[in-house]
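The values are calculated or read from the model by the stated rules, or taken from the named source; none is laboratory data. What you see is a predicted model, and the numbers here were worked out from it, not measured in a lab. A quick note on method: Cβ atoms are made from the backbone with ideal geometry, for glycine too, and the neighbour counts reach across all protein chains shown.
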Amino acid sequence: MACTAYFLVLFDASVMTVALPSIQTGLGFAPAGLQWVVSSYTLAFAGLLILGGRLADLYGPTRVFLGGLAVFTASGLIGGLAADPAMLIAARAAQGVGAAVLAPLSLTLLTTTFAEGPRRTRALTAWAAVGLTAGAAGNLFGGVLTEYLSWRSVLLVNVPIGVPALLFAARIRIPGANPGRKARLDLPGAVLATAALTLLTLGVCEAHMQGWSDPDTALPLAAGVGALVAFVVVETRVAAPLMPPGLFRLPGIGRGNVAMLLAGASQVPTWYFLTLTMQDVLGYSAAQAGAGFVPHAAVMLLVGLGLIPRLMRRVQARVLIAAGALIAAVGYWWQSHITPESGYVTGILGPAVAISCGGGLVSTPLTTTVTSGVGAQDAGAASGLLNTTRQFGGAFGLALVLTLTTSGTSGTPAALADAYGNAFRAIALIMVALAALTPLLPALGDARGAGPALPNEPPAARTDRASL
């Protein structure tokens, strides 16, 4: 159930990409307004992730999961039936709200159900594999559905997945992280966190359209930083903070989320520029471009489900992260040399194997490192932070990489190949930076140590963490 919810969230984030031209024609979007089909989802999703992650800690995972999934599924139905641009944008924003609840909760369900060790590793491996393949699956099915059915089908497809998941979730009891905990919401912290993340994401989204020095970029970024500073001050002074400051004393949380930021900064640009490369440089149709992502998904599943559980029993997580980042960097560098004359095998398939193998080696070990040592009562907050870091990293990475391609985003396929090649070289450098950071990550033995006491953590929980 957790993996289904996570798949829906990430699938929906990528499935719209290849459908945008058809949506513009079908609903009569102005060129400047089309971006809000994606941006409305992104802003709501990124802005509410920390709050969404904390809700399950406070009010119990069952009702929060059902509410988030119901909002997500219903808004997909409304978006698929949209009669005008405003209706579609509003539905996409509502989907972002549902996604902000489901994404962190899907991870919380696993970290509170499975104790640290081999069983949690297997569960996180399945969760991470679903996340890695959801983007590729979104591009694949987005192209097929758009070309052979309608752009509306890329939204309506959420209904036959979401409704059975709702019925299943309603029939079982999801174990709560701390059922005896009194429900208290840090309202000032929630408002400031949402404002900070929304403004920062808005500024980053504007950066790749207007440039980093434009007022439309600078003002939201400055306001977002101010709200973030205010959030940090508030969290140190309230009795029940939305994001307990004690979490950042855990080595996996602080350094691990920096690594997660870099990992996220590579993922979103990867799907974006691969889609453009296959269509603009190689001349593939939407359906052909979608099918071109099949090897990415297949290799990620093979590595994630077949190799990672075995490797993590023998190799330190940070060693796997470093190796995966370097292998992916080689794949991106290879991908940067594509030309209009490249065939699929050397232009897409070869780099796909290296990129996907490296990504598969990074994902589960990094998630395990970041979530290790977190008490059950704060699992939702940690999951919300992890997803926030990855989501913001993706938006920031896309904006940063797009600045390297603006001079060549129109013209001949050869010019576009050069521009997109710069993008893939930039992503390769991000992965090298991730590999360079890994010596600073804790070994899992350290990350699982007792660490300092967390707010509201009973002594027994601290003892359990120490024994783990």
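Odds and ends about this structure:
- Set 326, 320, 261, 311: member being over 24 Å from residue 130 (Cβ atoms) and either surrounded by fewer than 22 Cβ atoms within 10 Å (Cβ to Cβ) or in the same structural domain as residue 140 (by TED's automatic domain parsing) (or both): 326
- Annotation: of all residues in region 290-302 being crowded, with 24+ Cβ neighbours inside 10 Å and within 19 Å of the chain's Cα centre (by Cα), the one that is farthest from residue 278 (Cα to Cα) is 300.
- From 17, 112, 42, residue being in the same structural domain as residue 388 (by TED's automatic domain parsing), under 30 Å from residue 173 (Cβ atoms) and among the β-branched types (Val, Ile, Thr): 112
- Of all residues making up region 413-433, the number that are free of Cβ contacts under 8 Å to residues at least 24 places away in the same chain and either not assigned by TED's automatic domain parsing to the domain that holds residue 281 or not small (Gly, Ala, Ser) (or both): 1
- Condition met for residue 82 (outside any helix (DSSP H, G or I) and modelled with pLDDT of 80 or more): yes
- Residue in region 138-155 that is β-branched (Val, Ile, Thr), in the same structural domain as residue 314 (by TED's automatic domain parsing) and touching a Phe, Trp or Tyr at 6+ places or on another chain (Cβ under 8 Å) present: yes
- Matching option when the condition is among the hydrophobic types (A, V, I, L, M, F, W, C) and touching a helix residue (DSSP H, G or I) at 6+ places or on another chain (Cβ under 7 Å), among 115, 123, 86: 123
- If the condition is being of a type in the set (A, V, I, L, M) and surrounded by 22 or more Cβ atoms within 10 Å (Cβ to Cβ), then region 220-246 contributes 242, 243.
- Test: residue in region 232-247 that is in the same structural domain as residue 141 (by TED's automatic domain parsing), more than 27 Å from residue 191 (Cβ to Cβ) and either out of contact with any Gly (no Cβ under 6 Å at 6 or more places or on another chain) or charged (D, E, K, R) (or both): no
- Some residue of region 270-288 being in contact (Cβ under 8 Å) with a residue 60 or more places away in the chain and farther than 30 Å from residue 413 by Cα: no
- Scoring residue 266 on the criteria (1) polar (S, T, N, Q); (2) assigned to a helix (DSSP H, G or I); (3) surrounded by fewer than 24 Cβ atoms within 10 Å (Cβ to Cβ) leaves a single failure, condition (3).
- Looking at 73, 42, 62, just one residue is more than 19 Å from residue 203 (Cα to Cα), at pLDDT below 80 and in a helix (DSSP H, G or I), and that residue is 62.
- Residue among 232, 191 that alone is over 23 Å from residue 41 (Cα atoms), at pLDDT 70 or above, within 24 Å of the chain's Cα centre (by Cα) and in a helix (DSSP H, G or I): 232
- Taken over region 339-353, the criterion of being surrounded by fewer than 21 Cβ atoms within 10 Å (Cβ to Cβ) and either touching a residue at least 60 places away in the same chain (Cβ under 8 Å) or not in a helix (DSSP H, G or I) (or both) is satisfied by 339, 340, 341, 342, 343, 344.
- For residue 336, the requirement of being farther than 21 Å from residue 263 by Cα, among the hydroxyl-bearing types (Ser, Thr, Tyr) and either surrounded by 16 or more Cβ atoms within 10 Å (Cβ to Cβ) or modelled with pLDDT of 90 or more (or both) is not met.
- Residue in region 292-333 that is modelled with the lowest pLDDT, counting only those that are over 24 Å from residue 116 (Cα atoms) and assigned to a loop (DSSP other than H, G, I, E, B): 293
- Residues satisfying the stated conditions in region 77-111, i.e. buried (at least 23 other Cβ atoms within 10 Å of the Cβ), in contact with a Leu (Cβ under 7 Å, 6 or more places away or on another chain) and of a type in the set (Val, Ile, Thr): 101
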